[in-house]
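Read-outs throughout are calculated quantities, based only on the coordinates presented, and are distinct from any laboratory measurement. Worth saying up front: this structure is predicted, and the values here are computed from it rather than measured. For neighbour counting, all protein chains shown are included, and Cβ atoms are generated from backbone atoms with ideal geometry for every residue, glycine included.
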Amino acid sequence: DVVAGIVAEAINGPACAKGFILDGFPRTVNQAKILDSLLKKQNVGIDKVINLHIDDELLIKRVTGRLIHPASGRAYNIFFNPPKVAGKDDITGEPLIHRGDDTEEKLRTRLQEFHNKTTPVLEYYNSKVANIKADDKMDNITENIRHALDAEEKKK
């Protein structure tokens, strides 16, 4: 796999001497096997896999309820963080948009594909997976990730 080769080459550089984080990669078991093989040649391995877990129904509400102010990138959510005036940015009063691909049907399709690909990757890395609840406050999620990584570091 070309992407695995690029990643393996990149992590061999000085910027990754103390470690690295791969976000959203590998996406398939085949990529994971190729990556592990390439890393093994460099005497490096995957220490920990962080799985940010969130209930699909909550994620659907977060995505389908999302509204964006295009000029600033400010985000609102009709369920969790609604604008003061429906459909208007709180600061400028300009219209908010709903992205065309933020529909429940499209998201359910993407989620099914995501689960079909990532579940086998999580099973492949089973003993290295830390499941972190992603429906918590950002500070708590960050702390749980740090705890999982610190626990791994202490094993070395």
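Before moving on, here are some points about what is shown:
- Among the residues of region 114-154, the one identified as within 16 Å of Gly19 (Cα to Cα) and within 14 Å of the chain's Cα centre (by Cα) is Ile145.
- Residues of region 22-47 satisfying the condition of being acidic (Asp, Glu) and either buried (at least 16 other Cβ atoms within 10 Å of the Cβ) or in contact with a Leu (Cβ under 6 Å, 6 or more places away or on another chain) (or both): Asp36
- When region 45-88 is filtered for residues that are outside any helix (DSSP H, G or I), in contact with a helix residue (DSSP H, G or I) (Cβ under 6 Å, 6 or more places away or on another chain) and over 30 Å from Tyr124 (Cβ atoms), only Phe79 remains.
- Of all residues making up region 130-152, the number that are in contact (Cβ under 8 Å) with a residue 24 or more places away in the chain and of a type outside the set (S, T, N, Q): 10
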